[in-house]
Amino acid sequence: MLRRSTFVLPWPPIYPVRVAVELTLIRSFVAVAELGHVTRAAVRLHMSQPALSAQIKALESTLDLELFER
């Protein structure tokens, strides 16, 4: 299970960067954050759990942040 309170952005931002993020990656993040489980979010998004995990890792890599504590 993922902890809900682990998403923290550094403030002030370390460096201003514009990042282009695909909407599907944002939707994946929101589903996992709302449901608290990758498997449940995968069911909601009609995809497999490994595919959703890969999308979350891709988003973390793009943003250079750890979004969820594992």
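Residue under question is LEU65, and the condition is that it be of a type in the set (A, V, I, L, M) and open to solvent by less than 70 Å² (accessible area, probe 1.4 Å); does it hold? When the stated conditions are applied, LEU65 passes them. Pairs meeting the criteria (first residue in the stretch 46-70 and free of Cβ contacts under 8 Å to residues at least 24 places away in the same chain and closer than 16 Å to LEU35 by Cβ, second residue of a type in the set (Phe, Trp, Tyr) and open to solvent by 70 Å² or more (accessible area, probe 1.4 Å), beta carbons under 7 Å, at least 6 apart or on different chains) are lacking. With respect to the stated conditions, ARG4 fails to be at pLDDT 95 or above, open to solvent by 60 Å² or more (accessible area, probe 1.4 Å) and basic (Lys, Arg).
The values are calculated or read from the model by the stated rules, or taken from the named source; none is laboratory data. Given the structure is predicted, the values throughout are model-derived calculations rather than measurements. Glycine gets a Cβ as well: all are built from the backbone with ideal geometry, and neighbour counts include every protein chain shown. For accessibility, only protein heavy atoms count, side chains too; no ligands or nucleic acids. Shrake-Rupley method; radii C 1.70, N 1.55, O 1.52, S 1.80 Å.
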